[in-house]
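Trainee: Here you go, one structure.
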C-alpha cells in the first residue's frame, strides 16, 4: 500500500476519535482535544509531503495518437499510416534537379517583397493593372506576397552580373511560392508554386531558350516532344512568347494536341539596365511557369484545390 493511502486511513480513524470527546470527563476534554488536533496536524503535514513527492516523479509522456500502449503489439484492426512526401514537393524537387543537371544555379524566392522588385525593376508601367489591389495582395505595411517568381529577377541579375565580366554567363532558376488574388475554382488557386528561369550572356538567342525549355520538358516527361510558340505579352520580356508542348503520351496525348506550359521571352533592355547590365553588350532570356499544373497533368488531377487542402485521404494516394 502507498504511504499516502496509509495516511488517509490513519486520518479516517483519527476523525472517528472526535466522536468520543463527549464521553471524556469535562476536566480532561481540553487536553484530549489538543492531542487529537496535534495528531491530525501531523498526519496532514505528512500527507502534503507525500503528495508533493508524488508530483516530483517523472512521468513518461503519453502519446494519445498511438494505437496501443508502449511495448504492446499493435492490434490488427489498426492501419498505421506512415505518411509520405507531398506530391507538390516531389515534383518541386524533380523540376529543380533537372535544371541543376543542365548547369543552372538555384535561388529560392521570397514570401514577402516590395513594389520595386515586384513591378518597377521589371518594367511594369505605373498604370499597369497588376499593381492594382484587385489583382495583387498587400499587407498593411505595404509589402507584397509575390505574385510571380519574377520578383527575384532583379536580385539574380545583380548578384550574378560579375560572372559576365569574367566571360561567363548568368544561369539561374528560382522556384518559389506565389500568391494571386484569384477566384478559386478547380483550375485556379490563390496560392501556388512557380519556377522562374534567367539566362544572360554575350551571345544568347531565343533559339537557345527554346532548346533549353524543350530539353527540360523532354527530361520531365521522359519522351521526345514537339514544341510550338505563339506571341504573348509580358512587360519584362521583348519579344514575349507563350510556350507549348505536344501533349505527352503519358497524359493521353495524340499527335497535334498541344498544351500551353509557360510564358517566356528575351529579357527587356530596361530590365537589364536597371540591374546595371549593358543591353548593348549582353542579352538574356527568361521564363516562368507553374509547378502545380505539372503535378495536375502528371497525376491526372481534376481539381487544383486538392493540393492545398490538407486532405489526408488525398495525400495517402501518394
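Trainee: crowded, with 16+ Cβ neighbours inside 10 Å, modelled with pLDDT of 90 or more and under 20 Å from residue 97 (Cα atoms) - does that describe any residue in the range 156-167?
Mentor: There is at least one residue in the range 156-167 that is crowded, with 16+ Cβ neighbours inside 10 Å, modelled with pLDDT of 90 or more and under 20 Å from residue 97 (Cα atoms).
Trainee: May I ask you to verify whether residue 74 is in a loop (DSSP other than H, G, I, E, B) and either under 30 Å from residue 159 (Cβ atoms) or modelled with pLDDT under 85 (or both)?
Mentor: Taking the combined requirement at face value, the residue satisfies it.
Trainee: Go through the range 203-305 and tell me which strands (runs of 3 or more DSSP E), entirely inside it, have 2 or more residues that are within 27 Å of the chain's Cα centre (by Cα).
Mentor: Ranges flagged: 258-267, 283-290.
Trainee: Still on this model: Inspect all residues belonging to the range 57-69 and state whether any of them is at pLDDT below 80 and closer than 30 Å to residue 296 by Cα.
Mentor: No, the conditions are met nowhere in the range 57-69.
Trainee: Within the group 259, 297, 213, 301, which residue is under 27 Å from residue 189 (Cβ atoms), in the same structural domain as residue 97 (by TED's automatic domain parsing) and at pLDDT 90 or above? Spell out how you get there, then give the answer.
Mentor: Numbers: 259 fails: at pLDDT 90 or above; 297 fails: at pLDDT 90 or above; 301 fails: at pLDDT 90 or above.
Only one candidate qualifies: 213.
Trainee: Let me ask you something else. For residues that are buried (at least 18 other Cβ atoms within 10 Å of the Cβ) and touching a strand residue (DSSP E or B) at 6+ places or on another chain (Cβ under 6 Å), tally how many sit in the range 193-215.
Mentor: Residues in the range 193-215 being buried (at least 18 other Cβ atoms within 10 Å of the Cβ) and touching a strand residue (DSSP E or B) at 6+ places or on another chain (Cβ under 6 Å): 11 in total.
Trainee: Across the range 306-318, which residue is nearest to the chain's Cα centre (by Cα) among those that are touching a residue at least 40 places away in the same chain (Cβ under 8 Å) and assigned to a helix (DSSP H, G or I)?
Mentor: 308
The values are calculated or read from the model by the stated rules, or taken from the named source; none is laboratory data. Here the structure is a predicted model, which means the values were calculated and not measured. Please note: Cβ atoms are built from the backbone with ideal geometry, for glycine as well, and neighbour counts cover all protein chains shown.
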